[in-house]
1. Residue check: is PRO132 exposed (fewer than 15 other Cβ atoms within 10 Å of the Cβ), closer than 25 Å to LEU39 by Cα and modelled with pLDDT of 90 or more?
2. If I filter segment 205-221 for residues that are within 20 Å of the chain's Cα centre (by Cα), surrounded by fewer than 21 Cβ atoms within 10 Å (Cβ to Cβ) and farther than 16 Å from THR153 by Cβ, do I get at least one hit?
3. Could you list all residues from segment 146-173 that are within 22 Å of VAL30 (Cα to Cα) and loosely packed, with under 13 Cβ neighbours inside 10 Å?
4. Output yes when any residue across segment 43-58 is outside any helix (DSSP H, G or I) and touching a Ser or Thr at 6+ places or on another chain (Cβ under 8 Å), and no when none is.
5. Answer yes or no as to whether LEU117 is assigned to a helix (DSSP H, G or I), touching a residue at least 12 places away in the same chain (Cβ under 8 Å) and of a type outside the set (Gly, Ala, Ser).
6. Which condition does ASP103 not pass, out of (1) at pLDDT below 95; (2) over 13 Å from LEU22 (Cβ atoms); (3) of a type outside the set (Phe, Trp, Tyr); (4) crowded, with 18+ Cβ neighbours inside 10 Å, if it passes all the others?
7. In this structure, is GLN182 out of contact with any helix residue (DSSP H, G or I) (no Cβ under 7 Å at 6 or more places or on another chain), without any contact (Cβ under 8 Å) to a residue 60 or more places away in the chain and under 22 Å from PRO98 (Cβ atoms)?
8. When only residues in segment 123-169 that are closer than 16 Å to ARG82 by Cβ and among the polar types (S, T, N, Q) count, which is nearest to the chain's Cα centre (by Cα)?
Amino acid sequence: MTLQELRNQFPAAPEYLTQILLIERDNGIVPNARLADRLEVSRPAVSQAVGRLKKLGLVDQDRYGAIGLTREGRTVAENVVRRHFLLEHLLVSVLDYPWDKSDAEAGTLQAALSDELTDYLSHRLGDPQTCPHGNPLPGSDIEKKYLDALSLTEAESGRKVKIIRITEEGELTDGMLSFCQQKGLAPGKIVEIIAQNPDETQCKDENGKITIPAIFSTFIRWESV
């Protein structure tokens, strides 16, 4: 079944499959409630959608309610994620579109992207392994390293770190991408941790002190420099 054929049968299927994949790789399991929260729909709506996806052979569900992707479902989800990430790079790197708005725009555009144009974009963009926010492409060489990276809340005072990723959940947190854009907290940014407390992470860069609310810093991943 092609992606277009799937959309014709169940227009919301690609978004459901994509979010199942992204939740699974960050959290291990995908309960109905978490998927409902991510998609901002009701739990009965998720149950109904999962039932349709099961009939299409794209997901399964264990006795405890955790949702999983079948081989075909995972292939579809990875295809959609790849299109989405490449469109974000096109918007940000080529068109200079605001970094904090690229995720939403890519979500609107991805349905129109053909397989041929997807491959062409990847080649022209240098085959990126992450989206502009640092989330790794499924199956990329750096996927495990980036998924296993620690939260900024776990970096001790005095340590210099390089930001490598704003998690998918962070991208969906109200105000986070705008805050990161304003403060320059993008992948590749190096900061020094000043202090940690339950409410915030305090760090500094070449321009001075940056205070990051814990609701944001928990979704920022880093590596040592």
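1. no
2. Looking through segment 205-221, none of the residues is within 20 Å of the chain's Cα centre (by Cα), surrounded by fewer than 21 Cβ atoms within 10 Å (Cβ to Cβ) and farther than 16 Å from THR153 by Cβ.
3. Step one: of segment 146-173, the residues within 22 Å of VAL30 (Cα to Cα) are 146-151, 165-173.
ASP148, the sole residue that qualifies.
4. Yes, the conditions are met somewhere in segment 43-58.
5. It is false that LEU117 is assigned to a helix (DSSP H, G or I), touching a residue at least 12 places away in the same chain (Cβ under 8 Å) and of a type outside the set (Gly, Ala, Ser).
6. It is condition (2) that ASP103 fails.
7. Here the answer is yes, as GLN182 does meet what is asked.
8. Within segment 123-169, the match that is nearest to the chain's Cα centre (by Cα) is ASN135.
The values are calculated or read from the model by the stated rules, or taken from the named source; none is laboratory data. Predicted, not measured: the structure shown is a model, and the values here were computed from it. For neighbour counting, all protein chains shown are included, and Cβ atoms are generated from backbone atoms with ideal geometry for every residue, glycine included.
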